[in-house]
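Q: If you scroll down you'll find the structure; I have some questions about it.
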Amino acid sequence: MNAIDVQHLSKIYRGDIKAISDLSFTVGAGSVFGFLGPNGAGKSTAIKILVTLMNPTAGDARIFDIDVSQKPKEIRRIIGYVPQELSADGSLTGYENLLLSAKLYEIPPKEREQRIADILEMMELASRADSLIDTYSGGMVRRLEIGQAMLHHPRVLFLDEPTIGLDPAGRALVWRQIRKLNHDEGMTIFLTTHYMEEAEALCTQIGIIDRGQLSAVGSPTQLKETIGVGTIRIVLSSSQFSQSTLLDMITSIPGASALFQDPQILEIKVPNPAEHITEILQLIKTNGISVNDLELRGPTLEDVFLKYTGSHLEVAGPKEWKSIKQRRRSVRRAS
Amino acid sequence: MTLWQSIKKTSTIFEFEVRKLRHDPFEVFVRLIQPTLWLVIFGTVFTRYRVIDTGNISYLAFLTPGVMAQSLMFTAIFYGIAITWDKDSGILAKLMVTPTGRGSIVLGKGMSAGVRGLLQAVVIILLALALGVSFVFSPLNILLVIFVIVLAATCFACLSIVFASLLRRRERFMGVIQLITMPLFFASNALYPVSVMPVPLQYVTLVNPLYYVVDCLRSLLITNDLSNIPLHLGILLVFTILFVFAGMYGLKRLMQ
Ligand SMILES: Nc1ncnc2c1ncn2[C@@H]1O[C@H](COP(=O)(O)OP(=O)(O)OP(=O)(O)O)[C@@H](O)[C@H]1O
Ligand SMILES: [Mg+2]
């Protein structure tokens, strides 16, 4: 049975802003499905429709065969949701945030305390349970929120950018917990991300989404197989040569593209890189340069993304995270 | 969803709003300053010079319920701003995907404004006692006063939620709320009896919830003339129910 079944889903916001158009896809029960796409692709919009926060303009969506816009109350009992924003309540403690969720999800009083204690333990937050969320780091908030969303053992867990802004250790912890939930409880996970590594590390199925449209769906391996282009990265011994002459020579190989990342670093994308490597090294040699270092790798999700959307994924760094946190802080201060 | 579940959910929402207050009582204290100034400065000056004729009760006694109603309105009417913050930070979204009725969310949050109103009322009464005002302290009256305060705060907080969801942006919200609070306040019997107002304005008071709040509080606390209570309490209840439903619609609209 499919956990999620979406057919011809569209959303047009006020002001004629088309956020998603004609999305159709299914998510098998027990899988980890990820939407991979850049800012403004429509990821959050799709998730908000699925978690009953918003009605679609057209099309329909079902979760375990229950229609999302017709029976929102039934849907809310079987899903968990972590919004993209840091959404734990800053003026309550970690424990209180969990208690609030436990009560709203009607977890029987007898089980509440144990369940909350388990979650705090699992998310490595037990020692800070009684501190206000306002004193948590971003990563701690995120972990707490995921704990909050799984408190009632939902059948589908929706995570909108679960690891945005986490440091490597925090990210690893969240990944571990997501895998564990999926594996131990058979929970279906639907997440969005604009991190390639995350999609690759977690997802059994990936949907590439850009400008509101789904351009490819498949497992990471399947998607990469459709590319067939690998990358050769060459560090040259000097920069005393004509870049354009070398580029012209290399791009004459069918299907190849090349660019200088740096005067001495050449990146070439070519189908079956192993077959072409000797030819390329020969070309470089005829230009009177030698090779200091060489790296050869198969297709990545980045390549997949480039092929299907014609654009690069923006790399989100710590800067973006900072702005989210600052926004949140200023909101708090003003209140 | 059963009625029992709805009541439980409402009280949960209420409980956690109150917990937030407890973690940060600063705002509650600040909100006590204004009514104190009204009573101590405005009240005593106007009483001394007998500016306003309030019949056989002193102006200070007349004013006290008015200040109570005014301070609870001024606090509750800004409640909507908390909703817009909760909306922007995703807190509201997370609340709304739980199996909790919109009504419970609006009512629980609205009622929490009543707690502030009650705290203000206690302080105002103590202060007025010190200034020589005497109150009717019968158990029934006190229970009804508590009910009126919570109802009134819920009423204005829900009205505020409606405005927040219509106006969305905080700047616009603040502007509009500031625009409407003054007329609500002056077209009421908080500072002077309705009979001294121009006749057209007297009709306006009939659709002003604050008028009914002040009238109920004054009857219950000062005059002990309870003849108008059932009608006025009923009208206040209708206003509140109306605003709760409008607030429920507003929440839904806010998420779109
Ligand atoms: N409430 C709204 N009103 C109008 N337009 C909106 C609203 N929310 C989103 N949009 C628009 O819809 C489009 C998709 O936005 P959405 O938030 O779904 O993207 P996203 O993929 O989640 O992006 P990000 O990675 O930045 O979170 C964008 O063009 C955005 O400007
Ligand atoms: Mg998003």
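Q: Can you tell me which of B:Val196, B:Val148 is touching a Cys at 6+ places or on another chain (Cβ under 8 Å) and of a type in the set (A, V, I, L, M)? Give the steps one after another, and end with the answer.
A: Working: B:Val196 fails: touching a Cys at 6+ places or on another chain (Cβ under 8 Å).
Result of the check over B:Val196, B:Val148: B:Val148.
Q: Filter the strands (runs of 3 or more DSSP E) completely within the range A:192-290 down to those with at least 3 residues that are within 16 Å of ligand 2 (Cβ to nearest atom) and closer than 22 Å to A:Lys307 by Cβ.
A: A:205-210
Q: Still on this structure, I have one more. Within the range B:1-17, track down each residue that is in contact with an Asp or Glu (Cβ under 9 Å, 6 or more places away or on another chain) and farther than 17 Å from A:Lys73 by Cβ.
A: B:Phe16
Q: Next question. Is there any pair linking a residue in the range B:1-25 that is within 17 Å of A:Asp130 (Cα to Cα) and more than 9 Å from every other protein chain (Cβ to nearest Cβ) to one that is modelled with pLDDT of 95 or more and in a helix (DSSP H, G or I), with Cβ under 6 Å and at least six apart or on different chains, and which?
A: From residues that are within 17 Å of A:Asp130 (Cα to Cα) and more than 9 Å from every other protein chain (Cβ to nearest Cβ), there are no pairs.
Q: Something else now. Does A:Leu166 satisfy being assigned to a loop (DSSP other than H, G, I, E, B) and touching a helix residue (DSSP H, G or I) at 6+ places or on another chain (Cβ under 6 Å)? Outline the logic, then answer.
A: On the way: assigned to a loop (DSSP other than H, G, I, E, B): yes; touching a helix residue (DSSP H, G or I) at 6+ places or on another chain (Cβ under 6 Å): yes.
Yes: the conditions hold for A:Leu166.
Let's see how each residue does on (1) within 15 Å of ligand 1 (Cβ to nearest atom); (2) crowded, with 21+ Cβ neighbours inside 10 Å; (3) within 14 Å of chain B (Cβ to nearest Cβ):
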{"position": "A:Val27", "(1), (2), (3)": "no, yes, no"}
{"position": "A:Gly34", "(1), (2), (3)": "yes, yes, no"}
{"position": "A:Gly37", "(1), (2), (3)": "yes, yes, no"}
{"position": "A:Ile47", "(1), (2), (3)": "yes, yes, yes"}
{"position": "A:Thr52", "(1), (2), (3)": "no, yes, yes"}
{"position": "A:Asn55", "(1), (2), (3)": "yes, no, yes"}
{"position": "A:Glu74", "(1), (2), (3)": "no, no, yes"}
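Okay, residues lined up against (1) farther than 30 Å from A:Tyr13 by Cα; (2) more than 18 Å from the chain's Cα centre (by Cα); (3) within 16 Å of ligand 1 (Cβ to nearest atom):
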site: B:Leu217; (1), (2), (3): yes, no, no
site: B:Pro230; (1), (2), (3): yes, yes, no
site: B:Phe239; (1), (2), (3): yes, no, no
site: B:Phe245; (1), (2), (3): no, no, no
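Q: Look at the range A:55-71 and say how many of its residues are over 22 Å from B:Gly90 (Cα atoms) and out of contact with any strand residue (DSSP E or B) (no Cβ under 7 Å at 6 or more places or on another chain).
A: Residues flagged as over 22 Å from B:Gly90 (Cα atoms) and out of contact with any strand residue (DSSP E or B) (no Cβ under 7 Å at 6 or more places or on another chain) within the range A:55-71 amount to 4.
Q: Which one is nearest to the chain's Cα centre (by Cα), of the residues in the range A:76-86 that are surrounded by 23 or more Cβ atoms within 10 Å (Cβ to Cβ) and away from ligand 2 (no atom under 16 Å from the Cβ)?
A: Looking at the filtered set, the residue picked out is A:Gly80.
Q: State whether one or more residues within the range A:210-220 are under 26 Å from A:Asp22 (Cβ atoms), within 27 Å of the chain's Cα centre (by Cα) and among the hydroxyl-bearing types (Ser, Thr, Tyr). Walk me through how you get there before you give the answer.
A: Of the residues in the range A:210-220, the ones under 26 Å from A:Asp22 (Cβ atoms) are A:210-220.
Checking which are within 27 Å of the chain's Cα centre (by Cα) leaves us with A:210-220.
Those still in the list that are among the hydroxyl-bearing types (Ser, Thr, Tyr) too: A:215, A:219.
Looking through the range A:210-220, at least one residue is under 26 Å from A:Asp22 (Cβ atoms), within 27 Å of the chain's Cα centre (by Cα) and among the hydroxyl-bearing types (Ser, Thr, Tyr).
Q: If you go through the range B:103-124 one residue at a time, do you hit one that is of a type in the set (D, E, K, R), surrounded by 22 or more Cβ atoms within 10 Å (Cβ to Cβ) and within 14 Å of chain A (Cβ to nearest Cβ)?
A: Of the residues in the range B:103-124, the ones of a type in the set (D, E, K, R) are B:109, B:116.
Still in the running and surrounded by 22 or more Cβ atoms within 10 Å (Cβ to Cβ): B:109, B:116.
With the extra rule that they be within 14 Å of chain A (Cβ to nearest Cβ), the set shrinks to B:109.
Yes, the range B:103-124 contains at least one residue that is of a type in the set (D, E, K, R), surrounded by 22 or more Cβ atoms within 10 Å (Cβ to Cβ) and within 14 Å of chain A (Cβ to nearest Cβ).
Q: Now for a separate question. Assess whether A:Ala199 counts as being under 30 Å from A:Lys11 (Cβ atoms) and surrounded by 13 or more Cβ atoms within 10 Å (Cβ to Cβ).
A: yes
Q: Could you tell me whether A:Asp89 is crowded, with 17+ Cβ neighbours inside 10 Å and either among the acidic types (Asp, Glu) or more than 16 Å from ligand 1 (Cβ to nearest atom) (or both)?
A: Considered against the rule, which asks whether it is crowded, with 17+ Cβ neighbours inside 10 Å and either among the acidic types (Asp, Glu) or more than 16 Å from ligand 1 (Cβ to nearest atom) (or both), A:Asp89 comes out as yes.
Q: Is at least one residue of the range A:100-116 within 16 Å of ligand 1 (Cβ to nearest atom) and either within 14 Å of chain B (Cβ to nearest Cβ) or under 22 Å from B:Met255 (Cα atoms) (or both)? If you could, list the steps in order and put the result at the bottom.
A: The first filter runs over the range A:100-116 and keeps only residues within 16 Å of ligand 1 (Cβ to nearest atom), leaving none.
No; the residues of the range A:100-116 include none that is within 16 Å of ligand 1 (Cβ to nearest atom) and either within 14 Å of chain B (Cβ to nearest Cβ) or under 22 Å from B:Met255 (Cα atoms) (or both).
Q: Hey, among A:Gln243, A:Gln205, A:Gln177, which residue is among the polar types (S, T, N, Q), away from ligand 1 (no atom under 16 Å from the Cβ) and in the same structural domain as A:Val291 (by TED's automatic domain parsing)?
A: From the options A:Gln243, A:Gln205, A:Gln177, the qualifying one is A:Gln243.
Q: Here's something else I'd like to know. For residues in the range A:142-184 being free of Cβ contacts under 8 Å to residues at least 40 places away in the same chain and under 20 Å from B:Thr98 (Cα atoms), which is farthest from ligand 2 (Cβ to nearest atom)?
A: Looking at residues that are free of Cβ contacts under 8 Å to residues at least 40 places away in the same chain and under 20 Å from B:Thr98 (Cα atoms), I get A:His153.
Q: If the requirement is being β-branched (Val, Ile, Thr), closer than 30 Å to A:Arg171 by Cβ and at pLDDT below 85, which of these qualifies: A:Val217, A:Val315, A:Val235?
A: After applying the criteria, what remains is A:Val315.
Conditions tested, residue by residue: (1) over 30 Å from A:Ser69 (Cβ atoms); (2) part of a helix (DSSP H, G or I); (3) without any contact (Cβ under 8 Å) to a residue 24 or more places away in the chain.
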| residue | (1), (2), (3) |
| --- | --- |
| B:Ser165 | no, yes, no |
| B:Gln202 | yes, yes, yes |
| B:Tyr212 | yes, yes, no |
| B:Arg218 | yes, yes, no |
| B:Ile222 | yes, yes, no |
| B:Leu231 | yes, yes, yes |
| B:Phe239 | yes, yes, no |
| B:Leu254 | no, yes, no |
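Q: Listed residues A:Leu104, A:Leu50, A:Leu120; which is within 16 Å of ligand 2 (Cβ to nearest atom) and either in the same structural domain as A:Gln148 (by TED's automatic domain parsing) or at pLDDT below 95 (or both)?
A: One residue alone meets the criteria, A:Leu50.
Q: Still on this model: How about the range A:139-162: which of its residues are within 16 Å of ligand 1 (Cβ to nearest atom) and at pLDDT below 90?
A: none
Q: Name the residue that is surrounded by the fewest Cβ atoms within 10 Å (Cβ to Cβ), counting only residues in the range A:10-20 that are within 13 Å of A:Ile49 (Cβ to Cβ) and away from ligand 2 (no atom under 14 Å from the Cβ).
A: Among those that are within 13 Å of A:Ile49 (Cβ to Cβ) and away from ligand 2 (no atom under 14 Å from the Cβ), it is A:Ile12.
Conditions tested, residue by residue: (1) in a loop (DSSP other than H, G, I, E, B); (2) touching a strand residue (DSSP E or B) at 6+ places or on another chain (Cβ under 7 Å); (3) of a type outside the set (A, V, I, L, M).
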site	(1), (2), (3)
A:Lys48	no, no, yes
A:Leu53	yes, no, no
A:Lys73	no, no, yes
A:Ser87	yes, no, yes
A:Ser101	no, no, yes
A:Ser127	no, no, yes
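Q: Something else about it: Residue pairs, Cβ under 6 Å, 6 or more apart or interchain, first in the range A:3-16 and within 14 Å of another protein chain (Cβ to nearest Cβ), second polar (S, T, N, Q). List them.
A: A:Lys11/A:Thr45; A:Lys11/A:Thr57; A:Ile12/A:Thr57
Q: A further question follows. Which members of the range B:68-102 meet the condition of being part of a loop (DSSP other than H, G, I, E, B) and more than 9 Å from chain A (Cβ to nearest Cβ)?
A: Correct list: B:Ile77, B:Phe78.
The values are calculated or read from the model by the stated rules, or taken from the named source; none is laboratory data. All of these numbers come straight from a predicted model, not from anything done at the bench. A quick note on method: Cβ atoms are made from the backbone with ideal geometry, for glycine too, and the neighbour counts reach across all protein chains shown.
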